[in-house]
Every structure is written in structure tokens, then in C-alpha cells.
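The values are calculated or read from the model by the stated rules, or taken from the named source; none is laboratory data. Keep in mind that what you see is a predicted model, and the values were worked out from it rather than measured. Cβ sites come from the backbone with ideal geometry, for glycine too, and all protein chains shown count toward neighbours. For the accessible areas, the whole protein counts, side chains as well, though only heavy atoms, and no ligand, DNA or RNA atoms are used. Shrake-Rupley method; radii C 1.70, N 1.55, O 1.52, S 1.80 Å.
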Amino acid sequence: METQPDDITPWNRNVRLFALYRVFFNMRFYYPVFALFYLDAGVSIEQFAVLQAIWSLSIVVFEVPSGIVADLIGRTKTLRLGAFLAVIEMLVFALSTTFWGFALNRVMSGFNDSLASGADSALLYDSLKEAGKEDKYKEALGKAQYQTLIFGSVSAVAGSFLYTIHIRLPIWFTAVCMLVTFIGSLFFRETPRLKQKATLAAEWTLFRNSLKIVLDSKDIIFLILFAFLMDSCIRIAMVHNSLYFEEILIPVAWFGAISVGIRLVGSIVSKNAYRIDTALGFNGSAIAVGVMALASFAGMSIMIPFAGVVFPLALAPCMFFVTVNVEGEINSRIPSDFRATILSIKNICLNMGFAAGMILFDWRGDKSL
């Protein structure tokens, strides 16, 4: 039986709302002045490091449970909860004046990120699948990521300016974005799913079955390992970009412009990732991106003054490309009722890889000094 246009209208709405949710949830005006804000607010360097550790630990603790909850109670309820708590999170952040207030904000931030992670992608894929359009997932995700990076660049530039007016103004602007996210989430429509009660027994069964699906599929294991390797290595390099720019004699005044340039290049690649995947096939595009990443790392290792800036510009898009296409491949191989949980398992593997890689990278850096 053919799907009529009226039947797919609600799912098209979900696709549009997914992009809105992603864009506004990630419009964090305070990002470019993040560390500076804490120092100006009276937080010491040591306390700042502790706050970041609290945030990372919160993500690790909440990532998989939030995916399980999304599969049990529904993706729309989970996304609404995440957006509502994000508004509260920003209010706590804007009004905090002590270390413990900022610590509460970091815990809430990790929890909210976990609630959105997996649930939004699962809702997008199942919305398209319900309309018989799941082959459009990579295209839809790429376009949403493109818009997120573009608006993220705008908010980064605006946030620096707002900070010069008042140090808490970027946070209040972010709070408004979280409110828009929450209002938009109210219009999501849940996709058909197996209805279960959110009990501890049901959560454990769902996690165990999800893990079995992952371990029983060589394809899914390969995809997670591929994303684990690419994402961890590239994210570690990006975190240390400022040190690299300093070594190749780039003036500090240009760091912000280069960061925006990296986002813009990444946005273009994200938007067109599905076209490259269609032309080369997943295996062909994965090999091409892997070779490009290796070439970029090799180029960075030479430390070419000034001209070496092209290598981070080539490296970052590889990560965005992998995000779109690997997630699309994993989604096509997992049942709807386990989707958010399995995506959360994938996400926690990537975050743990990044955390372990950062420790190893910084340890090796200290040894070489």
C-alpha cells in the first residue's frame, strides 16, 4: 500500500523540529569565553578542572541510562525533559556565585546532554522509517548538523561581544535558546514503539538485549570501533588546536577566525556527506576519510609555519563526516525498540575513548617536556 502525502506530514514535522532542536540546544553563546567566565567569576584553575571532570563523569554515568529511558517512556518525553532541564541548568549557571552552584550546573549539563544524545537521532530515524524514507536519514542528519555548525559560529562570535557588555549576558542568551528548544519539543510526535513500563527489571532487560544486538553484529562492532578511533583522535587534536597554532606561529588574534573557518568547512562537509557516501559507498567513503585524516595528522606533525593551518581545516570535517555516515549505518542495522539505547552505547564508547585518549596524550606531552 502506497503512503499518501497526508500520512507522512507529521513525520516531516518531526524532521524539521529535529533540526530546530539540534540548532538551539547547541547554541551556547558562552563557549568562546567559557574558561574566562569561570576565572572572572572567582573560580580557580584547579576548581575549573574539577568542574570539567564532574561534567565528563556525569555524561558517563547518565549516557546509557538516558538511552534506556528514551526507549521505555518515549523519545519525545525524553527530549522535552532534556530541554526543560536545560532551561533550569542555564538559570542555575547564570545565578551561581559559588563553586557548588557551578558544580550543580555541570551535573545538570551532563545529564541534559545525555538525555538529548541518542533520543533525538532515534526519533529522527524512526520518523523517516515510518514514512518509508529511512534512506534520507544521512541527508537529514547532515543538513541539521550543517545548520547547527553555522548558527554555532554566529553564537560564538556574538558570545564574545556579549561578554564585553556583561560576563553573564552570554549565559542569559543561551537560556533563551534553551527555552525555544523546549517550546519546539512540545510539537514532536512520538513514533510507534513497543510500550513498556519503566521499571528496573525492564531497564536491565532492555540494556542486556541491546548489548547482545551490538555484540552479535560484526558490522555494528566495526562501525563503533571505526567511529571510536576517528572521533577520539580528531577530537583530541581539536582540543589542542590552540597549542598547535602557537607552534606554527599563527597570531593569537587569528585563533577565533580560524575556529569559525573550521566550523564552516565542517558544515559544508556535513551537508554533503550523504552525497559522498552515495557516490563512493560507505566502505569507499570511509577509506577516503581515513586517508584524509592520516594525511592531515602527518601534515600537522611537520609543524609547517603558517601554511600548516590547512591541516586542522582538513581534519575537523572528517569527524563530522564520520558522525553522519556511521550513525546512519548503525541505525539501519538496529531495531526501533532498542535504537536510543544502542546509540547511547555507541556514544559512551566515543566519550570514554576521548577521555582515555586525553589522559594518554597529556601524559605523553608531560613526558616529552
Discussion item. As an exercise, take the mean of 1/r over every pair of distinct alpha carbons in the range 242-369, invert it, and state the Kirkwood radius in angstroms.
Written reply: 16.7 Å
Worksheet, complete the sentence: Here the net charge surrounding residue 214, from other residues whose Cβ is less than 13 Å away from its Cβ (Lys, Arg +1; Asp, Glu -1), is +4
Item to complete: Would you mind counting up the charge near residue 62? Only other residues with Cβ under 14 Å from its Cβ, with Lys and Arg at +1 and Asp and Glu at -1.
Response: -3
Discussion item. Which order do you get for 337, 40 if you rank them by accessible area with a 1.4 Å probe, largest at the top?
Written reply: 40, 337
Item to complete: Report the residue, chosen from 108, 178, 300, that carries the largest GNM mean-square fluctuation when the chain is represented by alpha-carbon nodes joined by springs under 10 Å.
Response: 300
Worksheet entry | Charge tally in the Cβ shell below 12 Å around residue 149, where Lys, Arg are +1 and Asp, Glu are -1, residue 149 excluded | +4
Item to complete: Take peptides 203-213, 126-136, 343-353, 246-256 and line them up by average Cβ neighbours within 10 Å, highest first, as a rough protection proxy.
Response: 343-353, 126-136, 203-213, 246-256
Worksheet item: What residues qualify as long-range amide H neighbours of residue 29, i.e. H under 5 Å apart, gap of 5 or more or another chain, H built at 1.01 Å from N?
Response: 174
Discussion item. Please list, in order, the residues from the range 146-180 whose amide nitrogen is less than 14 Å from a point placed 7 Å along the Cα→Cβ vector of residue 242.
Written reply: 160
Worksheet item: Efficiency by 1/(1 + (r/R0)^6): what FRET value for residue 333 and residue 361, r their Cβ-Cβ distance, R0 = 30 Å, to the nearest 0.05?
Response: 0.40
Item to complete: With viscosity set to 1.567 mPa s and temperature to 4 °C, compute the Stokes-Einstein D of the chain, Rh being the Kirkwood radius across alpha carbon pairs; µm²/s, no decimals.
Response: 60 µm²/s
Worksheet entry | Karplus 3J(HN,Hα) series, Hz, for the range 165-176 with 6.51 cos²θ - 1.76 cosθ + 1.60 (x for Gly, Pro) | 7, 7, 5, 9, 5, x, 6, 5, 5, 5, 4, 5
Worksheet entry | Proximal aspartates and glutamates relative to residue 212, as straight alpha-carbon distance under 17 Å, when same-chain residues fewer than 8 apart are discounted | 71, 203, 337
